1. Would you confirm whether any residue within the stretch 265-276 is at pLDDT 75 or above, assigned to a helix (DSSP H, G or I) and open to solvent by less than 30 Å² (accessible area, probe 1.4 Å)?
2. Quick check: anything in the stretch 361-368 acidic (Asp, Glu) and over 17 Å from Val440 (Cβ atoms)?
3. Can you name every residue in the stretch 175-219 that is more than 16 Å from the chain's Cα centre (by Cα), among the small types (Gly, Ala, Ser) and open to solvent by 40 Å² or more (accessible area, probe 1.4 Å)?
4. Under 9 Å between Cβ atoms, which residue pairs at least 6 apart in sequence (or on different chains) link something in the stretch 26-52 that is open to solvent by 70 Å² or more (accessible area, probe 1.4 Å) with a partner that is of a type in the set (Val, Ile, Thr)?
5. Are there any pairs with C-beta distances below 9 angstrom linking a residue in the stretch 406-427 that is part of a helix (DSSP H, G or I) and hydrophobic (A, V, I, L, M, F, W, C) to a residue that is at pLDDT below 65 and exposed (fewer than 10 other Cβ atoms within 10 Å of the Cβ), with the two at least 6 apart or on different chains, and if so which?
6. How about the stretch 372-396: which of its residues are open to solvent by 30 Å² or more (accessible area, probe 1.4 Å) and under 38 Å from the mean Cα position of the chain (by Cα)?
7. Considering only the stretch 44-133, give the strands (runs of 3 or more DSSP E) lying wholly within it that have at least 2 residues that are at pLDDT below 85 and touching a Lys or Arg at 6+ places or on another chain (Cβ under 7 Å).
8. Can you find even one residue in the stretch 307-322 that is crowded, with 19+ Cβ neighbours inside 10 Å, modelled with pLDDT of 75 or more and either of a type in the set (Ser, Thr, Tyr) or in contact with a Pro (Cβ under 8 Å, 6 or more places away or on another chain) (or both)?
Amino acid sequence: MATAIGSRPGRARHRQTSAFRLALILAGLFALFSVLTAAVLWLGTEREARLEQREELRADTRDLVLLSYQQGLDALSTEIEERTILGAGLPRWYALYAANGIKLAGNLDDRPPREGWSVERFTPRATSRLPAPRSHLLMLYTVRTARNGWLVVGRDSYYIRQMQDVAARIFALALLLIVAGSLVVGWLIGRQLLRRVGAMSDAAGRISEGDLAERMPLRGSGDELDMIALTVNQMLDRIASLLADVRRLGADIAHDLRTPLTRLRQRLERMHRHPSAASDPGLAAAVDGALGEIDELLNIFQALLRIARVESGEPRSGFAPVDLAPLLEELVDAYAPVAEAESGILRADIRPSPPVHGDRELLVQVFVNLIENAIRHTPPATTVTVWLAMAGEVVHAGVRDDGPGIPAPARGEVLQPFMRLDRSRHTEGNGLGLALVRSVAELHGATLRLEDAAPGLAVSLAFAGTQDATRTRPGPWSPRRAGRSDHAARPCLDAPGEEH
């Protein structure tokens, strides 16, 4: 199980935005309502068309029946033949039968078995002009005429079906345009929203990296995002004010206490050099112990001031390309004798990597703290390895050992100031070393990870954006390879370490 500090979430993709999901929901609702509306219109239009067709059939039938009563079946037969001949291209169908069932006129072949309304499929006989006639679905109205005759009047439902087909195509096209329009509008809104949320996320990322002067962008529209941004900015103003007060108070306390402690140390040194101290071994030992305690207090105040300076983000203005390979080789050479004196082994596994963008003095302090912790808080015969590697565009550097390690639940706790494990309380240190490592990692935008080395502990920092650091370097970068296991001592430390 690993503990990672300093990683930042990536940006949301467009299809993950609430605006895009809302556009999909609206498109689905529009489609559903359009289908329901079309169904209502469809059923209503079809019903009206069929009612109109029936009214037309009734009116036509009433006129013909009236003609049979006024002028007889012969006149009706003549009228039907004329209508059939003159309206051959129209969807009109007639048949006149005598009381004995003989067909007298018309273009229908079969008489419906009952009086009233019926629907029949009818295929005309083939002719020379129409060798393959199509079938017709007819709406038929059958009534009695004068002299007990039968009159059948029909209309083709072709035009109703054609109207339905046209309406279906129009509806499908309209539905497609509605859905496409909804998605396009949702995409445009989501794009605008994602741009604003992205700007707010970038601002939040810079704030989380320590830039407390950054604020959420405001568009001035007074919408919900502006209200959220304004509230967050007010909260940040308050937090920045409180942090500034805390840092100023801490710095003032540290500065104010360092002065009397320094004076007290000077007095103790003068007392130590006094002839009476030389003649009294007990007094000399007590003075030496007091000097050691004062030095420890001064180191704590110095570490607190350094952490406060790092957390303020002030060192970021002096960032420059830093080549970690020679830096780590130098530290390994300097601390190899220290590890040997503690009956341990310090090794290097340093591979070529481009420079990182950062503060060299702070990075030296980070790796000094990690190396000293690994040497000081592990049993004899422990092997400590300082390593550097490249993975993609990310530079990984760290220190690992094969000692007892740190339990997984405690890995997050040891990064807090003054937090120490029970087994480390008998060793030198003040519990500020890893707290400074965490602050420097956050300042550099690096991901700090504490992992199980099986056995032991592996502490690593992942530096992203190395390509930018390479481009800002004034000269060409020439990697130095290192893979040595034995190193000669070479003093090169820029700053003392704070132990965990």
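The values are calculated or read from the model by the stated rules, or taken from the named source; none is laboratory data. In this text the structure is predicted, and so the values were computed from the model without any measurement. Cβ: placed from backbone, ideal geometry, glycine included. Neighbour counts: every protein chain shown. Note: areas computed on protein heavy atoms with side chains; ligands, DNA, RNA excluded. Shrake-Rupley method; radii C 1.70, N 1.55, O 1.52, S 1.80 Å.
1. The answer is yes, given that some residue of the stretch 265-276 is at pLDDT 75 or above, assigned to a helix (DSSP H, G or I) and open to solvent by less than 30 Å² (accessible area, probe 1.4 Å).
2. The answer is no; no qualifying residue exists.
3. Passing the criteria: Ala180, Ser208, Ala213.
4. Once the first residue is open to solvent by 70 Å² or more (accessible area, probe 1.4 Å) and sits in the stretch 26-52, its partners that are of a type in the set (Val, Ile, Thr) give Leu26/Val185; Phe30/Ile178; Phe30/Val179; Arg50/Ile160.
5. From the stretch 406-427, the pairs are Ala408/Met1.
6. Listed by number, the residues that qualify are Trp387, Met390, Ala391, Gly392, Glu393, Val394, His396.
7. Working: elements: 92-97, 103-106, 116-122.
Those strands (runs of 3 or more DSSP E) do not exist here; none qualify.
8. yes
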